[in-house]
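Let me begin by presenting the structure, written as structure tokens, before commenting on it.
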Protein chains: 2
Amino acid sequence: MKVATWNVNSIRARLERVVAFLERHDPDVVCLQETKVVDEVFPADELRAAGYQCTTIGQKTYNGVAILSKTPAEDVVRAFDDGGDDSQARLIAATIEGVRCVCVYVPNGRSVGSEAYAYKLEWLERLKKLLEQDADPERPLVLTGDFNVAPADIDVHDPEAWRDQVLCSDPERKALRELEDWGLVDGFRSLHPDLVAYTWWDYRQLGFPKNRGMRIDHLLLTRPLLERCEGIEIDREERKGKGASDHAPVLATFAPGPWK
Amino acid sequence: MKVATWNVNSIRARLERVVAFLERHDPDVVCLQETKVVDEVFPADELRAAGYQCTTIGQKTYNGVAILSKTPAEDVVRAFDDGGDDSQARLIAATIEGVRCVCVYVPNGRSVGSEAYAYKLEWLERLKKLLEQDADPERPLVLTGDFNVAPADIDVHDPEAWRDQVLCSDPERKALRELEDWGLVDGFRSLHPDLVAYTWWDYRQLGFPKNRGMRIDHLLLTRPLLERCEGIEIDREERKGKGASDHAPVLATFAPGPWK
DNA sequence: GTCGGCGATG
DNA sequence: CATCGCCGAC
């Protein structure tokens, strides 16, 4: 079983590349972020033609997440439903082939100390509570998406330039670690402890070559799933050429279930 | 002396092509329409480097006209100043080397019978009054720009499709003729009575190939100027390739003055 | 800086 | 339906 995550920054602008990606990798599950469409306009027909069902929660212009799957998505959840703000489409979860797939687009946080930053930290806490209440670390689960957090300095091309900046600040890293403490492992780090690879590139920092960046898109796995993980890779192909998004997809391959 | 007119649809988006055009034709005067910038942001430095002074009247997002000239622009006028609406930057006039140059971007008129259409007809009348009051048909004058009127069916690729439509309707053609009645001649028509050539192409009409269109950009000349006119051409080069505007420039060459 | 959605105009 | 400017996010 193959599970992928990709911040596509508009499913409509990226549709051709997404279809090419599906054909190249033949994943079973694809978690998408920043689809930027309401569900009625989501290009479900085109993706169905490529062999995938679409489970979506979108909004106009901003955010939007989706799960593409070859087989049916069960027990779909599209919001925290915890009494907090659910107006931003940043969370979708479904069970596919017995694996719980949670797809997130964590708020960027704009800048450290801002209101958006507080919302980001809060959002990560709500996510942890969701896991605590509705999930089981002893069951196969993948929490994946654009976390907008680089876990450690090794995940950043220029750690000094980003020191204590948003995406790299200690409180964000701590919030991510606390999420993992529930019972998750960073798939990429776990399988490639010393490998440096980025999933997102930056163009703000002065003199930053456009192909340098950081690793902020993650696949976090519960132990039963990690044990079956046969490989995890970042698809650098998708960053090349015209019409590339500024995020690269991440893929994980698992030995087949069955999960009881 | 060479005088050109060109609807550039944003001087910023077209700057590279405008500079190439200046180098290719070496005109003395260039009348530009739809510059779409306020004067403070007009790329005057780049055009000065190409050897031209800029006389501009612009606004944000819409309209905007300018006169580029190798030699100083005198007696500049940037509005009707007739008590009517001058909020749209569609008119600029200046005297260059003794030739009065009036550059206009006539309102499009949206559709026949609309409010915009009434405004267009009214605008053409105000223009006629301006000539009557401030100009002399016995002096060298060129009234040029995007008139948004195809003078006759011969100027339209598919006259039947455009019959009585905006840009081709009788009232507009009549308003243009009345302007000419003051003492102007359609330079292109006068020198090439049977030649079919378009300055603008269309993409609305179903099945319209993108390179078919109509002639709506004009150079109207007073008799003393017409007598010195040595040639008039439509530059089809500027419609080719990436980054082309949907208007082609029109150029006229005149035997040198002096005008007493 | 760079992109994408949006809205107005042609 | 193509284009461009604008805006907001990153």
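Bear in mind that the values in this text are calculations on the coordinates, not laboratory data. As the structure is a prediction and not an experimental result, all values here were calculated from the model. Using ideal geometry, Cβ is built from the backbone for each residue, glycine included, and neighbour counts are taken over all protein chains shown.
Remark: label point of residue B:110 defined 7 Å out from Cα along the Cα-Cβ vector; separations to the same position in other copies 3.7 nm, ascending. Expressed as a whole percent, the proportion of Cα-Cα pairs in the protein assembly as shown lying more than 33 Å apart is 55%. What's log10 of I(q)/I(0) for region A:53-121 at q = 0.12, 0.21 Å⁻¹, Debye sum over Cα points only, no solvent? Debye output, listed in q order: -0.36, -0.89. In chain A, the beta-carbon sitting nearest the axis that superposes A on B belongs to the residue given here with its distance in angstrom, A:242, 6. Distances, shortest first, from the label point of residue A:98 to those at the same position in the other copies read 9.6 nm; the point lies 7 Å along Cα to C-beta. Here region B:123-230 is treated as a sphere whose radius is the Kirkwood value from Cα pairs; by Stokes-Einstein at 37 °C and 0.692 mPa s it diffuses with a coefficient of 225 µm²/s. Ranking of A:200, A:6 by neighbouring Cβ atoms within 10 Å, starting from the fewest: A:200, A:6. Normalised by 2.2 N^0.38 Å, where N is the number of residues, the C-alpha radius of gyration of region A:70-176 stands at 1.16.
Note on region B:2-254: Lys pairs 8 or more places apart or on different chains, Cα atoms under 18 Å apart, count 9. Using θ = phi - 60° in the Karplus curve 6.51 cos²θ - 1.76 cosθ + 1.60, the 3J(HN,Hα) couplings for region A:231-241 round to x, 9, 9, 9, 7, 6, 3, 5, 9, 9, x Hz; x is entered for Gly and Pro. The helix-based estimate of mean residue ellipticity at 222 nm for chain A, built from -39,500 (n - 2.57) per DSSP H run of four or more residues and divided by its residue count, is -7500 deg cm²/dmol to the nearest 500. Shown here: chain B, whose C-alpha atoms stretch 45, 41, 37 Å along the first, second and third principal axes, sorted largest to smallest. Each of residue B:164 and residue A:163 was given a label point 7 Å from its Cα along the Cα-to-Cβ line. The distance between the two points is 7.6 nm.
Here's how it looks for residue A:213: its modeled amide H is under 5 Å from those of A:157, which are all 5 or more places away or on a different chain. Isolated cysteines in chain A, defined as those with no second cysteine Cβ under 4.7 Å, comprise A:54, A:101, A:168, A:229.
Computed FRET efficiency, Cβ-Cβ of residue B:121 and residue B:26, R0 35 Å: what is it to the nearest 0.05? According to the calculation, E is roughly 0.40.
Label-point spacing for residue B:195 across the identical copies (point 7 Å from Cα in the Cβ direction), in nm and ascending order: 6.7. Cα-Cα pairs above 17 Å in region B:1-95: how many percent? More than 17 Å apart: 45 percent of the Cα pairs in region B:1-95.
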